[in-house]
1. Only one of (1) buried (at least 17 other Cβ atoms within 10 Å of the Cβ); (2) of a type outside the set (K, R); (3) touching a residue at least 40 places away in the same chain (Cβ under 8 Å) is not met by A:F47, so which one is it?
2. Check the range A:23-40 and report whether any residue there is out of contact with any strand residue (DSSP E or B) (no Cβ under 9 Å at 6 or more places or on another chain) and in contact (Cβ under 8 Å) with a residue 12 or more places away in the chain.
3. Is it the case that some residue within the range B:73-89 is in a helix (DSSP H, G or I) and of a type outside the set (K, R)?
4. Within the range A:43-68, restricting attention to residues that are assigned to a strand (DSSP E or B) and of a type in the set (A, V, I, L, M, F, W, C), which residue is farthest from B:E102 (Cα to Cα)?
5. Looking at the range B:94-109, is at least one residue assigned to a strand (DSSP E or B), of a type outside the set (S, T, Y), touching a residue at least 40 places away in the same chain (Cβ under 8 Å) and within 14 Å of another protein chain (Cβ to nearest Cβ)?
6. Could you check, for the range B:71-86, whether at least one of its residues is within 14 Å of chain A (Cβ to nearest Cβ) and either modelled with pLDDT of 95 or more or over 23 Å from B:L114 (Cβ atoms) (or both)?
7. Within the range B:40-52, can one find any residue that is assigned to a strand (DSSP E or B), in contact (Cβ under 8 Å) with a residue 60 or more places away in the chain, closer than 22 Å to A:I49 by Cβ and at the interface with chain A (Cβ under 9 Å from one of its Cβ atoms)?
8. So which residues in the range B:59-68 are in contact (Cβ under 8 Å) with a residue 24 or more places away in the chain and within 14 Å of chain A (Cβ to nearest Cβ), if there are any at all?
Amino acid sequence: AQKITQTQPGMFVQEKEAVTLDCTYDTSDQSYGLFWYKQPSSGEMIFLIYQGSYDEQNATEGRYSLNFQKARKSANLVISASQLGDSAMYFCAMREGPFGNEKLTFGTGTRLTIIP
Amino acid sequence: DAGVIQSPRHEVTEMGQEVTLRCKPISGHDYLFWYRQTMMRGLELLIYFNNNVPIDDSGMPEDRFSAKMPNASFSTLKIQPSEPRDSAVYFCASTGLAAYNEQFFGPGTRLTVL
């Protein structure tokens with residue numbers, strides 16, 4: 001089974017609208033972390049947001065928030081008020097196990113295109 | 001801080017040649033990671049180091065690939081001999097206790113093996 005599943009290969013969203021990018025994960029560990037990275041067309045990987053499995057509050061970073069539903073094993077990224085610069089590939093990733101195991105497993109990504 | 005530095009940024013070589021990719025992590029970071037990104041396989045971890053010691057190399061595809069970290073500020077990923085299927089973007093990333101929840105990625109090296 002895939003550890004990280006991103007079911008939306010591509011999305012088109014009107015500028016200024018909110019967008020939700022889906023991510024589900026599979027782990028038997030109690031301690032894990034979930035990440036979202038952005039990869040613009042220039043190719044660099046940019047960290048956006050992190051959610052720990054024991055965090056009770058959903059993580060937020062500016063216009064980014066992570067909708068963490070532990071029972072459903074989902075960690076969707078929500079971008080509010082989308083901008084043209086948000087057009088990029090978005091990757092969900094997971095780190096399993098306690099501190100010290102730093103291996104990240106990435107999903108296949110979602111290509112987001114913001115339409116003016 | 002200069003961020004993670006990778007060299008070269010682009011490498012074109014012929015099948016059978018040795019390729020060496022280089023990485024300088026962010027100063028003070030004690031974890032270093034090598035990733036490979038392809039259209040077919042996505043972004044996959046090859047190997048990572050903690051305090052210059054390899055911790056998990058289960059993602060290294062085969063014996064043609066080797067990675068070293070002789071000191072805290074330098075790592076290499078070597079492919080010998082290279083094959084066309086090794087063509088990919090290779091990323092180096094680093095993190096440390098102070099930035100535990102974020103891996104900082106370098107700009108990547110785009111490798112083309114003809």
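The values are calculated or read from the model by the stated rules, or taken from the named source; none is laboratory data. Source: prediction; values computed, not measured. Neighbour counts are summed over all protein chains in view; Cβ atoms, including those assigned to glycine, are modelled from backbone coordinates with ideal geometry.
1. Tallying (1) buried (at least 17 other Cβ atoms within 10 Å of the Cβ); (2) of a type outside the set (K, R); (3) touching a residue at least 40 places away in the same chain (Cβ under 8 Å), A:F47 fails exactly one: (3).
2. The first filter runs over the range A:23-40 and keeps only residues out of contact with any strand residue (DSSP E or B) (no Cβ under 9 Å at 6 or more places or on another chain), leaving A:30.
Pick out the ones that are also in contact (Cβ under 8 Å) with a residue 12 or more places away in the chain and you get A:30.
Yes, the range A:23-40 contains at least one residue that is out of contact with any strand residue (DSSP E or B) (no Cβ under 9 Å at 6 or more places or on another chain) and in contact (Cβ under 8 Å) with a residue 12 or more places away in the chain.
3. Checked the range B:73-89: at least one residue is in a helix (DSSP H, G or I) and of a type outside the set (K, R).
4. So in the range A:43-68, the residues assigned to a strand (DSSP E or B) come out as A:46-52, A:60-61, A:64-68.
From what is left, the residues that are of a type in the set (A, V, I, L, M, F, W, C) are A:46-49, A:66, A:68.
Values: A:I46: 10, A:F47: 7, A:L48: 9, A:I49: 8, A:L66: 15, A:F68: 18 Å.
Checked the range A:43-68; the qualifying residue farthest from B:E102 (Cα to Cα) is A:F68.
5. So in the range B:94-109, the residues assigned to a strand (DSSP E or B) come out as B:94-95, B:104-105, B:109.
Narrowing further to those that are of a type outside the set (S, T, Y): B:104-105.
Filter again for touching a residue at least 40 places away in the same chain (Cβ under 8 Å), leaving B:104-105.
Those left that are additionally within 14 Å of another protein chain (Cβ to nearest Cβ): B:104-105.
Yes.
6. Looking only at the range B:71-86, we keep the residues that are within 14 Å of chain A (Cβ to nearest Cβ), and these are none.
Checked against the condition, which is being within 14 Å of chain A (Cβ to nearest Cβ) and either modelled with pLDDT of 95 or more or over 23 Å from B:L114 (Cβ atoms) (or both), the range B:71-86 yields no hits at all.
7. Taking the range B:40-52 and keeping what is assigned to a strand (DSSP E or B), we get B:42-50.
So of that shortlist, the ones also in contact (Cβ under 8 Å) with a residue 60 or more places away in the chain come out as none.
Among the residues of the range B:40-52, not one is assigned to a strand (DSSP E or B), in contact (Cβ under 8 Å) with a residue 60 or more places away in the chain, closer than 22 Å to A:I49 by Cβ and at the interface with chain A (Cβ under 9 Å from one of its Cβ atoms), which makes the answer no.
8. none
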